[in-house]
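*Asks:* Take this structure, written in structure tokens, and hold onto it; I'll ask about it next.
Values quoted throughout were computed directly from the atomic coordinates according to the rules given, and no laboratory measurement underlies them. Quick caveat, the model's predicted, so the values are computed rather than measured. Don't worry about glycine lacking a Cβ; one is built from the backbone with ideal geometry, like all the others, and counts go over all protein chains shown.
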Amino acid sequence: MRALALTDCALADVDQHGHLRYVPDGVVYVDGGRIVFAGPRAEAPRPPGTYRAIVLDGRLVTPSLVDCHTHLIYAGNRLGDFLAQRDGHDERFQFGGILETVEATTRASADVLEALARRRLDEMADHGVGAVEVKSGYGLSLDGERRILEIARGLSGYRGVEVVTTFLGAHALPREYAGRPGAYIKLLTDTVMPVLASEGLIDMVDCFIDPQGFSSEVIAPYLARAKELGLPVRAHVDQFGPAQGAELAIDYGARSIDHLEYLSATALARAQGAGTIAVLLPFAYLHKSLPAMPPVEGLRTHRISMAVATDLNPGTSPTASLLLAAYLSITLYGLRPAEAFGGITRRAAESLGLVDRGSLDVGNRADLAIWEVDHPYELVSTVFDRHSDRLSQMVERVDG
Ligand code: NIG
Ligand code: FE
């Protein structure tokens with residue numbers, strides 16, 4: 001990419017403390033695909049003559065968004081679960097939970113799974129997402145998990161979206177292991193996780209610690225194995241009930257703990273200073289009508305950073321809209337607009353270890369989203385279908 005000067009634009013991101021940085025009249029200089037200056041026009045150095053100017057007519061530039069928790073790759077739907085929960089039980093639909101999706105995904109060809117995932121990624125890319133975390137967890141066998149992670153790897157770069165892969169073998173107990181969760185976890189720790197890690201398919205490891213998932217006792221060896229293999233961990237915890245999952249995950253240095261509807265006071269205290277990020281998934285909370293909410297005020301008091309993600313999946317969070325998730329984090333959970341905006345940019349990137357994304361800091365990738373809004377809070381306080389242009393696409397168009 002040639003050196004660029006973006007002019008006549010507003011800029012917005014959050015700083016490392018989570019404070020909004022909003023520059024109504026800014027410029028951005030880009031060289032070698034990196035940000036070399038982003039700030040007020042009045043403070044900008046003169047760009048050397050070799051920069052090509054792109055005039056943005058007052059549009060808003062933000063870092064591209066980061067969706068740090070998705071189950072992007074699956075087939076089928078979970079209408080049965082939804083209708084049964086809404087008292088509309090219908091015999092024509094199964095009531096199958098995660099295993100229903102495992103079966104539908106296993107039956108689908110790799111081509112079909114990939115096509116479905118691309119459609120979901122299209123929607124994300126159109127709405128400003130530049131990086132997405134993709135979990136396995138609908139395979140639950142060596143071959144099944146490998147197939148999902150291979151598809152995820154193959155999708156990286158599609159529509160300019162970077163994919164980070166997460167191994168979620170400990171998502172549900174396959175039927176053949178009913179009553180023997182320890183034996184299934186042993187299969188994962190002895191074989192599935194190390195093999196897929198050696199194949200370069202795993203960036204991170206996740207698990208589901210919950211009364212409806214695995215107990216923390218059963219999961220401990222799984223997280224220990226991830227640590228031995230040098231893989232960062234994150235965990236679904238305290239979604240449907242308390243299960244001391246957050247405490248365990250924090251002990252293993254988790255990059256993130258996700259859901260947190262039933263997060264305990266002990267876990268809150270333990271997370272303080274641990275660097276673990278709280279990932280909030282308000283669409284899943286809404287879709288499942290959960291009776292408890294994450295302790296947002298407690299997270300603030302303990303200075304635990306909050307990210308916000310879609311949790312895109314057919315069972316608990318059928319949406320690809322990160323902006324909707326951000327909106328719901330404000331309207332349902334009481335996040336402040338700057339927390340919601342930071343939650344889908346800087347904090348989400350941090351939770352994935354993507355050190356050069358999520359803000360307009362000098363040196364970061366110039367993966368920018370360009371919006372037709374007057375103020376960044378419009379992105380998180382409305383639910384209009386907001387299309388963004390990505391800098392790379394804009395440059396391609398100009399280059400013709
Ligand atoms: O993040 N809680 C476990 N996993 C998913 C649900 C996946 C599913 O229901 O298919 C979640 O909510
Ligand atoms: Fe999830």
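*Asks:* Relative to the longest principal axis of the chain, what angle (0 to 90°, nearest 10) does the C-alpha long axis of helix 97-107 take?
*Replies:* Orientation of helix 97-107: about 80 degrees from the principal axis.
*Asks:* List the lysines whose Cα sits under 19 Å from the Cα of residue 186, skipping any in the same chain fewer than 8 residues away.
*Replies:* Of all the lysines, those that pass the test against residue 186 - Cα under 19 Å, at least 8 places apart if same chain - are 227.
*Asks:* For helix 216-228, report the angle its Cα long axis makes with the longest principal axis of the Cα atoms of the chain; keep it between 0 and 90° and round to the nearest 10°.
*Replies:* 50
*Asks:* Which of 85, 272, 239 moves the most in a Gaussian network model of the chain with Cα springs under 10 Å?
*Replies:* Judging by the Gaussian network model, the answer is 85.
*Asks:* Do any GluC sites (Glu not before Pro) in the stretch 50-117 lie in a loop, going by DSSP, with at most 11 other beta-carbon atoms within 10 Å of their beta carbon, and if so which?
*Replies:* Sparse-neighbourhood loop GluC sites (Glu not before Pro): 91.
*Asks:* DSSP loop trypsin sites (Lys or Arg not before Pro) in the stretch 281-361 with at most 16 other Cβ atoms within 10 Å of their Cβ, which ones?
*Replies:* Counting only loop positions with at most 16 other Cβ atoms within 10 Å, the trypsin sites (Lys or Arg not before Pro) in the stretch 281-361 are 303.
*Asks:* Could you work out how far helix 322-331 tilts from the main Cα principal axis of the chain, as a 0 to 90 degree angle to the nearest 10?
*Replies:* 80
*Asks:* Over the chain, with a Gaussian network built from C-alpha contacts below 10 Å, which listed residue (56, 140, 260) shows the highest mean-square fluctuation?
*Replies:* Fluctuation is largest for 56.
*Asks:* Grab the DSSP H runs of the chain that are 4 residues or longer, score each as -39,500 (n - 2.57), total them, divide by all residues and round the 222 nm result to the nearest 500 deg cm²/dmol.
*Replies:* -9500 deg cm²/dmol
*Asks:* Separation of the stretch 330-353 and the stretch 158-213 by C-alpha centroid, Å?
*Replies:* When both Cα centres are located, 26 Å separates them.
*Asks:* Select from 116, 149, 101 the residue farthest towards the positive end of the dipole of the stretch 60-179; place +1 on Cβ of Lys and Arg, -1 on Cβ of Asp and Glu, and compute about the Cα centre.
*Replies:* Of 116, 149, 101, it is 149.
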